[in-house]
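**Q** First, the structure itself, so that you have it in front of you.
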Amino acid sequence: MPMRFGRMVSGIFVAGTLAFVGMEGRLAAQAPSPAKQSAAGGGVTVAVTFLKERTGAPTFQVVLDTHSANLDGYRFEEIVRLRDGRGGEGAPAAVEDAKGSGHHREATVRFTWPEPRLQTLELVVKGVGGVPERVFRWGLQ
């Protein structure tokens, strides 16, 4: 359950949300299955949108956003994985439309379907902003 917080900064009330980080350092997205999910931690917000199946493959838009760090060192090919529900992880088959620099980066990340087909997709973004992993989940019908 996220915790709401707020404080006065130069006469302006600033509000926000804290997400729970588990003992093993995993940061889970707040919502279980909307197309777009986000998780903030370590000064970086990661937003992931499930774009369904483009060209027959699970495809996601992944956005990294911050006001305090340089995000240029993160390679989507290295930080994004699809979990197969059996303990395995797959690297992206393709990273497309990568753009942005500095405080904002985004890309479209496409995977191949693990066999047998999954009933739940679990996308993991690893090591961004000092958070070991952020987990995003979608149920498939």
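**Q** Among the residues of region 73-93 satisfying the criterion of being surrounded by 13 or more Cβ atoms within 10 Å (Cβ to Cβ) and within 18 Å of THR45 (Cβ to Cβ), which is nearest to the chain's Cα centre (by Cα)?
**A** Taking the candidates together, the pick is VAL80.
**Q** Going residue by residue through region 86-103, is there one that turns out to be aliphatic (A, V, I, L, M), under 20 Å from GLY139 (Cβ atoms) and touching a Lys or Arg at 6+ places or on another chain (Cβ under 8 Å)?
**A** Let us first name the residues in region 86-103 that are aliphatic (A, V, I, L, M), namely 91, 93-95, 98.
With under 20 Å from GLY139 (Cβ atoms) added as a condition, the list becomes none.
No: zero hits.
**Q** Filter region 46-61 for residues that are farther than 19 Å from LEU140 by Cβ and touching a residue at least 24 places away in the same chain (Cβ under 8 Å) and give the result. Reasoning before the result, please.
**A** Step one: list which residues in region 46-61 are farther than 19 Å from LEU140 by Cβ, which gives 46-47.
Once the filter is applied, which keeps residues that are farther than 19 Å from LEU140 by Cβ and touching a residue at least 24 places away in the same chain (Cβ under 8 Å), region 46-61 yields only VAL46.
**Q** Only one of (1) modelled with pLDDT of 90 or more; (2) among the polar types (S, T, N, Q); (3) farther than 25 Å from GLY102 by Cβ is not met by GLN61, so which one is it?
**A** If we test GLN61 against (1) modelled with pLDDT of 90 or more; (2) among the polar types (S, T, N, Q); (3) farther than 25 Å from GLY102 by Cβ, just (3) comes out false.
**Q** Among the numbered criteria (1) closer than 23 Å to GLY41 by Cα; (2) without any contact (Cβ under 8 Å) to a residue 24 or more places away in the chain; (3) not in a loop (DSSP other than H, G, I, E, B), which single criterion is violated by GLU96?
**A** Single failed check for GLU96: (1).
**Q** How many residues does region 111-141 contain that are part of a strand (DSSP E or B), within 14 Å of the chain's Cα centre (by Cα) and not aromatic (Phe, Trp, Tyr)?
**A** Qualifying residue count, region 111-141: 14.
**Q** Kindly provide the set of residues from region 111-132 that are surrounded by fewer than 18 Cβ atoms within 10 Å (Cβ to Cβ), under 17 Å from GLN37 (Cα atoms) and either touching a Phe, Trp or Tyr at 6+ places or on another chain (Cβ under 7 Å) or modelled with pLDDT under 95 (or both), ordered by number.
**A** Once the filter is applied, which keeps residues that are surrounded by fewer than 18 Cβ atoms within 10 Å (Cβ to Cβ), under 17 Å from GLN37 (Cα atoms) and either touching a Phe, Trp or Tyr at 6+ places or on another chain (Cβ under 7 Å) or modelled with pLDDT under 95 (or both), region 111-132 yields THR120, GLU122.
The values are calculated or read from the model by the stated rules, or taken from the named source; none is laboratory data. This one's a predicted model, so the numbers in the text were calculated from it and none came from an experiment. Cβ: placed from backbone, ideal geometry, glycine included. Neighbour counts: every protein chain shown.
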